[in-house]
Amino acid sequence: MLTTRHGVRALGAADLADFLALSDLDPVVNVFVDHRARSTNLEPRWLGGEVWGRYADGRLVAACHVGANLVPVNATPDDARAFAERALTRSRTVSTIVGPHEAVRAFWQAVSGAWGPPRDTRWRQPHLELSGPPAVAPDPRVRRTTREDMELLYPACVAMYTEEVGLSPEAGGGADLYRARVAQLVSRGWSFARFDGGRLVFKAEVACTSPHAAQIQGVWVAPDRRGEGLAVAGMAAVAETVRREVAPTVSLYVNEWNTAARNAYRAVGFTETARFSTVMF
């Protein structure tokens, strides 16, 4: 139903073309929502949530993905506050608010009193892109993983997630679901790793794709092998394969305080194009 005060309503399959046109205004930043829209046709039963749109003079000007992740799309602070007002009409169902910094900050300021303290906040995370060849030689030992690698790959994925998020993906009985997600990435050809002496020492995955970009997640180096340049050469290998076979631009976002990772991505040739922020519950 249209919320006439702010021009906000839930979108559906009939709005897909308008939504993709909106996403295309910043296609690399919006790769996650573009991927979600194309893979679900904006049908709530496939989204596991909704996508809200905000209209002005009959034109879609901003949107908000509301699933496990709440993601503002081309939203100004005023748009974000309008989405927050709609969100406050129901209980919180999202586990993460993530997206461009100004929109996330405005949304969070509007809902924080009702949604309670978050588990963690990460402000002004550099969003990075690479749309040309990497600046360093790719590691020839990095390859796509297979189902035969799961015994080594899965524990590394759990370790990365726990280190990054501060909570094990297996907590609360989530092991089967997380293992299925890792297996899905492997089956899609979106999981990459280097193995040395029968152990995994570097890994990374493609999180989502669109015709414009692919977003990388889960970059991890075995703790005792850090500082050797594995992340630099490994990410060069991942980026080159992804650009050649998946999407023309590779993107990711990184915590502002993670100097080692930021230096590694800079060495590969990634450049900052925006700032993201993340609020986790």
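The values are calculated or read from the model by the stated rules, or taken from the named source; none is laboratory data. Because the structure is a prediction, the values reported are computed rather than measured. Virtual Cβ from ideal backbone geometry, glycine too; neighbours counted across all protein chains shown. In case anyone asks, the SASA skips ligands and DNA or RNA and just uses the protein heavy atoms, side chains included. Shrake-Rupley method; radii C 1.70, N 1.55, O 1.52, S 1.80 Å.
Per-residue ellipticity at 222 nm for the chain, helices alone: DSSP H runs ≥ 4 residues times -39500 (n - 2.57), over residue total, nearest 500 deg cm²/dmol?
Values: 9 runs with 104 residues, N = 281.
Roughly -11500 deg cm²/dmol at 222 nm, from the helical runs in the chain.
Of VAL219, VAL186, which has the most accessible area and how do the rest follow, probe 1.4 Å?
Details: VAL219 40, VAL186 15 Å².
From most accessible down to least: VAL219, VAL186.
Dividing the convex hull volume of the alpha carbon atoms of segment 1-158 by its residue count, what do you get in Å³ per residue?
Details: hull volume 26.4 nm³, N = 158.
Value for segment 1-158: 167 Å³ per residue.
Where Rh is the Kirkwood radius over the Cα pairs of the chain, the temperature 4 °C and the viscosity 1.567 mPa s, what D in µm²/s does Stokes-Einstein return? All intermediate terms of the calculation are to be shown ahead of the outcome.
Details: Rh = 19.6 Å.
Rounded to a whole number, D works out at 66 µm²/s.
Relative to the present Cα-Cα distance, how much length would full extension add between VAL246 and ARG124 at 0.36 nm per residue of separation? If you can, show how the numbers build up before the last one.
Values: separation 122, 0.36 × 122 = 43.92 nm, distance 2.78 nm.
Computed gain between VAL246 and ARG124 is 41.1 nm.
Hey, with R₀ at 35 Å, roughly what FRET efficiency would GLU170 and THR89 work out to, going by the Cβ-Cβ distance, to 0.05? List each step's numbers first, then the result.
Working: r = 34 Å, r/R0 = 0.97.
Efficiency, from the Cβ-Cβ distance: 0.55.
With the crude spin-label approximation of a point 7 Å out along Cα→Cβ, what separation in nm comes out for GLN109 versus ARG59?
2.6 nm
Just reorder ARG36, ARG188 by solvent-accessible area, largest first, 1.4 Å probe, all chains present. List each step's numbers first, then the result.
Working: ARG36 50, ARG188 110 Å².
Per-residue accessible area, sorted high to low, gives ARG188, ARG36.
Rounded to the nearest 10 Å², what accessible area does PHE107 have for a 1.4 Å probe in the complete protein model?
The accessible area of PHE107 comes to roughly 0 Å².
Rounded to two decimals, what is the ratio between the C-alpha radius of gyration of segment 146-201 and 2.2 N^0.38 Å? Walk me through the intermediate numbers first.
On the way: Rg = 11.3 Å, N = 56, 2.2 N^0.38 = 10.2 Å.
For segment 146-201, the normalised Cα radius of gyration comes out at 1.12.
Per 0.36 nm of contour for each residue apart, how much would the distance between THR259 and GLU148 grow if the chain were fully extended, relative to their Cα-Cα spacing? Show your work: numbers first, answer last.
On the way: separation 111, 0.36 × 111 = 39.96 nm, distance 3.39 nm.
Additional length available on full extension: 36.6 nm.
Please work out how much accessible surface ARG143 shows to a 1.4 Å probe, ignoring ligands, DNA and RNA, in Å² rounded to 10.
Answer for ARG143: close to 100 Å² accessible.
HN-Hα J couplings of segment 117-126 from phi, Karplus 6.51/-1.76/1.60, θ = phi - 60°, integer Hz, Gly and Pro as x?
After applying 6.51 cos²θ - 1.76 cosθ + 1.60, I find x, x, 6, 7, 10, 9, 9, 6, 7, x Hz.
For the chain, what is the accessible area per residue in Å², given a 1.4 Å probe and the full set of protein chains? Display every interim value, and only then the final one.
On the way: 12790 Å² over 281 residues.
On a per-residue basis, the chain sits at 46 Å².
Return the carbon/sulfur percentage of the accessible area of the chain, one whole number, probe 1.4 Å, all protein chains in place.
On the way: 6600 of 12790 Å².
Reported share for carbon and sulfur atoms: 52 percent.
Using protein chains only and a probe of 1.4 angstrom, how many square angstrom of ASP120 are accessible, to the nearest 10?
50 Å²
Taking all protein chains together and a probe of 1.4 Å, list ARG92, ARG262, ARG59, ARG54 from the most accessible to the least accessible.
On the way: ARG92 95, ARG262 55, ARG59 150, ARG54 30 Å².
In descending accessible area the options line up as ARG59, ARG92, ARG262, ARG54.
Along the charge dipole of the chain, which of SER91, VAL31, ILE216 sits closest to the positive end, that is, farthest toward it, with unit charges on the beta carbon of Lys, Arg, Asp and Glu (+1, +1, -1, -1)?
Value computed over the given set: SER91.
Amide H of HIS212: which non-local residues (sequence gap of 5 or more, or other chain) have their own amide H closer than 5 Å, using H built in the peptide plane?
Long-range HN contacts for HIS212: none found.
Given a 10 angstrom Cα cut-off, can you work out which residue in ALA239, ALA110, ALA14 is the most mobile in a GNM of the chain?
ALA14
Reported to two decimal places, what Rg/Rh ratio describes segment 215-259 when computed on Cα atoms with Rh from the Kirkwood expression?
1.00
For segment 107-210, what size does the Cα cloud have along each of its three principal axes, sorted from largest down, in whole Å?
Projected onto the principal axes, the Cα atoms of segment 107-210 cover 50, 39, 25 Å.
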